[in-house]
Amino acid sequence: MTSSKQPARSEVPVKLTWNLTDLYASDADMKKALAQTEQQAQELQQLKGRLAQENGRILLKAMHQAKTINADLEQEYVYAMLRHDSDTTDAPATELMGTAERIATTIDEQLSFLDPEIISLDEQSLKQWLATIPELQEFRYAIHQTRLQKDHVLSTDQEQLLSALGRSIDSPSDIFNTLNDADLKFSMVHNDQGELVELTDGNRGEFAQSKQRAVRKEAFLAYQKPYHALRNTFAATLNDFIDGENTIAKLRHYPSSRAAALSANEIDEQVYQNLVTTVNAHLDLAHRWYQLKQHALGLSDFYQYDVNVPLANHALTATYEQGKQLVLNALSVLGSEYEHALQNELANRWVDVAENKGKRSGGYEVGIANVHPYVLLNWSDQLESTFTLAHESGHAMHSWFSQHAQPSEYAEAPIFLAEVASTFNENILTKYLLDQYSGQPDKQLYVLEQSINGFIGTIFRQTQFAEFEDSAYVAQQKGQRLTADYLDQLNQKLVKKYYGPTVQLAGTATQGWAYVPHFYMHYYVYQYATSWAIATALAQQVWDKEEGARDRYLQFLRAGGSDSPLTILKHAGIDATTPAYLEDALAVMDQEINQVEKLLKQNQ
């Protein structure tokens, strides 16, 4: 178990850090580029009020200029974000991030006239321009997306005002991230050897899997302690974020914030409701898993801090180098083109690997249309980190393939699709490892539990989060102040329902909602659950070498955001408007639990 303190950023080996010179040679170069982008936005603003002129030629010019500005701003903003996230205590990086945010808000304000003017274009004239100006065809879907929001886009002056308030509206998210990543400190705890070590986001999973109950209990409670101490601050921050999103939805004439969040990508709200209804109908599957674990571990009582104790006798681990090779080997099933792109990612410092003081917690991927994707990790040698690498690399390859197949405005898939690519990789890695460990029951048991934990953590837990989030939005919209006490009660009710009768709760209810960064991403979490289920079906098709499955999947990656998510999924063979894909995914989980029961008998 990890026993060393987090290193300073300067102490991390260069090969384990991002190569940001692929973006800019220095902060000064980035600032220079950002100033040029700001100038381009000022020039584009000169077309305000003229998009309907010159038979579509002004519209074409504006679309091209906006495309360039957005792609350049993406690169500049991401550079600042990566500098900041690698060490949130670095003052120059924080200042650079502030500059990028300020200018991005200014540019957003300058370009805010585009949507209202595009929406106000005459339908017949627009059809004629699209038919007679070949270069305008590239922007057909982008224009379609904008005009879908006809009833929700405000006047040019109102849009400009709303854009000017962008930084203030986003400030609760910034405050949460600063509080969570830079200011929040965990106490020292005892490891399996009885040594006092620093608890971190990166190593807490190791403590959760400790075979010593006292060790995992101490870490479980220690992780909750700072969140409970700051519960009122976290509640105020979340309340203000939700209030901002609800206010924007109201200003844009949506019936709810959920409707606003889903409409941008043409996601039917029935997709959301199907998820909650179907998962609730199968809560007995999760409850069965907890009962199985309690019995297998021989515990007379079963607490939250017992849930992650492995059933296998020996934990599987992998260094970063070993994890990279496992991911490469597993995903070779997708062919040489995918494998070559993945090798580029892992060999050329697209990944920031090691945990360090001040580094943003967790993991993520960010695509840059004109360069390449970047991945953030906080590596530990648990097998879970290898799965995280596979997950974030799925995002990276999705970005990479779509960047090379689509113009920059469609190079990034919406979240509803992006999480399919990431969880697809986790499914494939599971299947690969089970094959590799054929005839080795204990290792197969460990891998199967990793997969089942994925179902629990992604389908069940993220649906729990989705219920919490939606309930919080509805309550706040009705005038309820989201205090710490209110959020605790809401969270506790859902936790009890999802854990069921076997698991006894421990510690504070605050940590169950206060630590979740995705609550600051506006109806994000439900997409983890839908995507896991969709990816389960697609991965099975590819792994079984179903005719055309690999080509359909690679085409799915190349599609990026060039059409509505539900249409792109239909081309890949999935109808996300029905609960069938959820039922199929949960059937796989049921099969895996059956396999675990058989393996446990073999290990006896």
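The values are calculated or read from the model by the stated rules, or taken from the named source; none is laboratory data. Every value quoted in this text rests on a predicted model; they were computed, and no experiment measured them. So basically every Cβ, Gly included, is an ideal-geometry build from the backbone, and we count neighbours across all protein chains shown. Ligands, DNA and RNA are stripped out before the accessible areas are found, and what is left, the full protein with its side chains, is counted by its heavy atoms. Shrake-Rupley method; radii C 1.70, N 1.55, O 1.52, S 1.80 Å.
Please indicate, with yes or no, whether at least one residue in the stretch 249-256 is touching a residue at least 60 places away in the same chain (Cβ under 8 Å), of a type outside the set (Asp, Glu) and over 23 Å from GLN477 (Cα atoms). No.
Listed here are the residues, each with its yes/no results for (1) surrounded by fewer than 19 Cβ atoms within 10 Å (Cβ to Cβ); (2) not in a helix (DSSP H, G or I).
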residue: VAL271; (1), (2): no, no
residue: THR278; (1), (2): no, no
residue: ASP284; (1), (2): yes, no
residue: ARG288; (1), (2): yes, no
residue: LYS293; (1), (2): no, no
residue: TYR305; (1), (2): no, no
residue: LEU311; (1), (2): yes, yes
residue: LYS324; (1), (2): no, no
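Does GLU123 count as among the charged types (D, E, K, R) and open to solvent by less than 40 Å² (accessible area, probe 1.4 Å)? I'd like the intermediate steps shown before the answer.
Details: among the charged types (D, E, K, R): yes; open to solvent by less than 40 Å² (accessible area, probe 1.4 Å): no.
It is false that GLU123 is among the charged types (D, E, K, R) and open to solvent by less than 40 Å² (accessible area, probe 1.4 Å).
Just one residue in the set ALA164, ALA182 is touching a Gly at 6+ places or on another chain (Cβ under 9 Å) and not acidic (Asp, Glu); that residue is ALA182.
Hey, among the residues in the stretch 335-358 that are without any contact (Cβ under 8 Å) to a residue 12 or more places away in the chain and not charged (D, E, K, R), which one's most open to solvent (accessible area, probe 1.4 Å)?
The initial filter retains those residues of the stretch 335-358 that are without any contact (Cβ under 8 Å) to a residue 12 or more places away in the chain, namely 336, 339-340, 347.
So of that shortlist, the ones also not charged (D, E, K, R) come out as 336, 340, 347.
Working: SER336: 93, HIS340: 109, ALA347: 76 Å².
Among those residues, the one meeting the criterion is HIS340.
Identify the single condition in (1) closer than 18 Å to PHE234 by Cα; (2) touching a strand residue (DSSP E or B) at 6+ places or on another chain (Cβ under 8 Å); (3) among the aliphatic types (A, V, I, L, M) that LEU505 does not satisfy, given that it satisfies every other one. Condition (1) is where LEU505 drops out. Do we have any residue at all in the stretch 65-75 that's over 28 Å from the mean Cα position of the chain (by Cα) and outside any loop (DSSP other than H, G, I, E, B)? There is at least one residue in the stretch 65-75 that is over 28 Å from the mean Cα position of the chain (by Cα) and outside any loop (DSSP other than H, G, I, E, B). Among the residues of the stretch 249-264, the ones that are out of contact with any His (no Cβ under 7 Å at 6 or more places or on another chain) and either buried (at least 18 other Cβ atoms within 10 Å of the Cβ) or of a type in the set (Lys, Arg) (or both) come to 7 in all.
If I go through the stretch 12-51 residue by residue, how many of them are β-branched (Val, Ile, Thr) and assigned to a helix (DSSP H, G or I)? Spell out how you get there, then give the answer.
Residues of the stretch 12-51 β-branched (Val, Ile, Thr): 12, 14, 17, 21, 37.
Remaining after also requiring assigned to a helix (DSSP H, G or I): 14, 21, 37.
The qualifying residues number 3.
Of everything in the stretch 441-450 that is open to solvent by 10 Å² or more (accessible area, probe 1.4 Å) and not charged (D, E, K, R), the residue that is farthest from the chain's Cα centre (by Cα) is PRO441.
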